[in-house]
1. How big is D for segment 11-69, in µm² s⁻¹ as a whole number, if Stokes-Einstein is applied with the Kirkwood radius of its Cα pairs at 37 °C and 0.692 mPa s?
2. Which of the lysines could be linked to Lys25 by a straight reach, that is with a Cα gap under 22 Å, when you skip same-chain ones fewer than 8 residues away?
3. Determine, for each peptide in 38-44, 28-34, the mean count of other beta carbons within 10 angstrom over its residues, then list the peptides with the highest first.
Amino acid sequence: MTQPDVFDQKVLDQNIRELQEWLRKAWQQLADPSLTAFSRRELRNQMKQCNADLRVQLQAASKRMLMQPASSGRRFAKPPLRILA
């Protein structure tokens with residue numbers, strides 16, 4: 001993987017974590033009984049949009065993982081031998 005790919009992967013992971021955290025907090029806020037009906041509806045609309053954005057980010061992460069070569073990790077091979085006299 002090249003340096004920009006690693007950077008893109010970190011940004012993608014950070015976006016996913018931020019969207020998940022936002023949704024977690026939104027669910028907690030939605031449980032607040034002091035919210036008006038309008039505020040609840042607006043929050044649910046924002047949650048739907050955030051959920052769609054999260055789905056796009058997760059699909060991009062999934063595609064990126066599928067495109068990575070399986071042998072990107074360490075490969076153990078027989079070391080070259082030298083005959084010493």
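1. 259 µm²/s
2. Lys48
3. Final packing ranking: 38-44, 28-34.
Readers should treat all values here as calculations from the given coordinates under stated rules, not as data from a laboratory. Values in this document were obtained by computation on a predicted structure and should not be read as measured data. Counting neighbours? That spans all protein chains shown, and the Cβs are built from the backbone with ideal geometry, glycine included.
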